[in-house]
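**Q** Got a structure for you, written out below as structure tokens; questions coming shortly.
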Amino acid sequence: MIELQQGEIARLRELPPPTVRAIIGGSLCAAVSGRTRQVVSPIDGAAFAEIPECGPEDIDRAVSAARKSFEDRRWRRMTPKERKRILLRWVALIEAEALRLAVLETRDMGMPVRMAAELDIGFAIDTLRWYAEACDKLYDELAALEDNVTAMIMREPLGVVGAILPWNAPAMVGSWKIGPALITGNSVIVKPAEDASLVLLRIGELALQAGVPEGVLQIVTGAGVAGAALAAHRDVDCIAFTGSGEVGRSIMAASAASNLKRVSLELGGKSANIVMADAPDLSAAAEVSVRFMFGNQGQVCEAPTRLFVERKIRDRFVAEVTAKAKALRIGDPLDLSSDLGPVVSATQFAMINERIVRAERDGARLILDGRHAPVPTKGFYMGPTIADNVDPQSSLAQEEVFGPVLSVFAFETLDEAIEAANATRYGLGASIWSRDIDAVMYAAKRLVAGNINVNGGAGPVVELPYGGFKESGFGRDRSFHAIEKYAETKNVILRTAR
Ligand code: ADP
């Protein structure tokens, strides 16, 4: 638990970012080209740091360092216990500056600091610790064949793993990939999103301090060019990606055109939230739905962006959701009393506005219009928007907005709700609220999504796998299931004389 004190946050927000260099090999580096990118805070639109704009030549450097570290086995030949000790030391170093990192994340991408502490940094610490502790608790398999044959099914690391990250919860999503990839013995190159790199740079620097050997965890900043170079590199064995469908497709194409590197994709969603009239507590359902939908300004892959309410409670429930959304306080995300901060960038701000205009053109009626919410004058702030009368085929109902925009629908029967919930190309998450266990299990088996929350479910936890069906991608982050993405199995069949 990270202790949050407003005075301490005020002090930390004035500190410069601890690390503004890429981490390649064991050094902190500028880009070979010398190019840099300004880091603009969405809190006030002002630049407050510069980071390297890495290109293909920097990716080449990182890949050769990663390859070298993998081939000389400096990491995987250590005993799992030794690796665990180093990883736990790393986690302790991250934990020692957790609040500073949370404040840095908030300055970099705008997430309210409470959420940055609990969800982004806090959950990253939990995840890395969970995998570190698991490091010496992984066993391989033996198969029974003939009496004098010992058949081993061994798990082996893939080699060089590239993790390409989004900006919405960088440390958290990063830890979901770095943790399992490292404990299986891989060398990992992280390419954070250009809008949120600072925390990962520091986390990478702390890994070196903790004793993770050089080349085993590298952080290369930059934009799509750097990501594309990693995806197309013939000496990278795997790309673990979270981001947009468009980029996910280009990564698969790059893999097909190069060395058939393994790819796993988490590509967002358009999650349905089904509220039945017999929900155990409608007020609690409204509260959780609003927090889940609008937390982090709606910039959450699994955000329940389509609300389906049983017709007979629809007006009452939607009124309660609207009142709660309207009551959210929008302001400086470093102020502990703010519920919502800004969206990540001017580009994202313009895109979300454009989506709202388009939704209205497509016939949607705005019950709440976030463009008119009272917000700070500088920075990229907007309030929650709730749209009714949304055409199920329209872009608002079908495509991810990645902003604070909720669509509401009514339904008569559960079958109708399930069918509508499944009628997008995504399949990341779904929620259902009902007291009727038969209805709940009926729906849970028919909803096409990787994570079904019933009556509130649970927030994200490392113990459960995470990922989607359909065009939300494939492969799972978190839990032991994630390990399969970073390992190959090898049979060693030993025939003995006796
Ligand atoms: P978002 O819509 O969440 O910004 P993107 O898919 O655009 O998601 O970006 C996610 C990550 O993918 C970022 O780190 C970005 O720099 C990287 N990226 C962008 N274009 C490419 C590409 N063509 N190949 C590989 N990575 C890319």
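The values are calculated or read from the model by the stated rules, or taken from the named source; none is laboratory data. As the structure is a prediction and not an experimental result, all values here were calculated from the model. Neighbour counts are summed over all protein chains in view; Cβ atoms, including those assigned to glycine, are modelled from backbone coordinates with ideal geometry. Calculation scope for accessible area: heavy atoms of the full protein, side chains included, ligands and nucleic acids excluded. Shrake-Rupley method; radii C 1.70, N 1.55, O 1.52, S 1.80 Å.
**Q** Is there a residue in segment 405-416 that is among the polar types (S, T, N, Q) and over 15 Å from PRO342 (Cα atoms)?
**A** Scanning segment 405-416, I find at least one residue that is among the polar types (S, T, N, Q) and over 15 Å from PRO342 (Cα atoms), so the answer is yes.
**Q** Hey, another quick one. In segment 341-379, what residues are within 16 Å of the ligand (Cβ to nearest atom), open to solvent by 10 Å² or more (accessible area, probe 1.4 Å) and either under 17 Å from ALA319 (Cα atoms) or in a loop (DSSP other than H, G, I, E, B) (or both)?
**A** SER345 - this is the single residue of segment 341-379 that is within 16 Å of the ligand (Cβ to nearest atom), open to solvent by 10 Å² or more (accessible area, probe 1.4 Å) and either under 17 Å from ALA319 (Cα atoms) or in a loop (DSSP other than H, G, I, E, B) (or both).
**Q** Please go through segment 205-224 and give me each residue that is of a type in the set (S, T, N, Q) and either in contact with a strand residue (DSSP E or B) (Cβ under 7 Å, 6 or more places away or on another chain) or within 8 Å of the ligand (Cβ to nearest atom) (or both), ordered by number.
**A** GLN218, THR221
**Q** Now for a different question. Select from segment 67-88 the residues that are crowded, with 20+ Cβ neighbours inside 10 Å and under 24 Å from the mean Cα position of the chain (by Cα) and list them in ascending order.
**A** LEU87 - this is the single residue of segment 67-88 that is crowded, with 20+ Cβ neighbours inside 10 Å and under 24 Å from the mean Cα position of the chain (by Cα).
**Q** Looking only at segment 89-144, how many residues end up being of a type in the set (Asp, Glu), buried (at least 19 other Cβ atoms within 10 Å of the Cβ) and not in a helix (DSSP H, G or I)?
**A** Residues in segment 89-144 being of a type in the set (Asp, Glu), buried (at least 19 other Cβ atoms within 10 Å of the Cβ) and not in a helix (DSSP H, G or I): 0 in total.
**Q** I've got another one for you. Taking GLU412 as the residue in question, decide whether it is charged (D, E, K, R) and within 30 Å of ARG371 (Cβ to Cβ).
**A** No; evaluated as a whole, the condition is false for this residue.
**Q** Considering segment 25-44 alone, what residues qualify as being exposed (fewer than 15 other Cβ atoms within 10 Å of the Cβ) and within 25 Å of the chain's Cα centre (by Cα)?
**A** Scanning segment 25-44 gives a single hit, GLN38.
**Q** Also, quick follow-up: Test of understanding: among GLU53, GLU8, GLU14, which residue is out of contact with any Asp or Glu (no Cβ under 6 Å at 6 or more places or on another chain), loosely packed, with under 13 Cβ neighbours inside 10 Å and not polar (S, T, N, Q)?
**A** Testing whether each residue is out of contact with any Asp or Glu (no Cβ under 6 Å at 6 or more places or on another chain), loosely packed, with under 13 Cβ neighbours inside 10 Å and not polar (S, T, N, Q) leaves just GLU14.
**Q** List pairs: first in segment 1-25 and at positive phi, second among the acidic types (Asp, Glu), Cβ under 7 Å, 6+ apart or cross-chain?
**A** From segment 1-25, the pairs are GLY25/GLU214.
**Q** Just to be sure, is LEU200 within 13 Å of VAL220 (Cα to Cα), under 14 Å from the mean Cα position of the chain (by Cα), within 9 Å of the ligand (Cβ to nearest atom) and surrounded by 24 or more Cβ atoms within 10 Å (Cβ to Cβ)?
**A** no
Every residue, every condition in (1) in contact (Cβ under 8 Å) with a residue 40 or more places away in the chain; (2) under 20 Å from the mean Cα position of the chain (by Cα), yes or no:
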| position | (1), (2) |
| --- | --- |
| ARG114 | yes, yes |
| GLU133 | yes, no |
| ASP136 | yes, no |
| ASP140 | no, no |
| VAL149 | yes, no |
| GLU156 | yes, no |
| GLY159 | yes, no |
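**Q** Now, a different point. Scan segment 174-197 residue by residue and report those that are near the ligand (Cβ under 10 Å from one of its atoms) and either in a strand (DSSP E or B) or open to solvent by less than 10 Å² (accessible area, probe 1.4 Å) (or both).
**A** Within segment 174-197, VAL190, LYS191, PRO192, ALA193, ALA196, SER197 meet the criteria.
**Q** Now for a different question. Provide a single number: the residues in segment 26-45 that are touching a residue at least 40 places away in the same chain (Cβ under 8 Å) and under 27 Å from ASN296 (Cα atoms).
**A** 8
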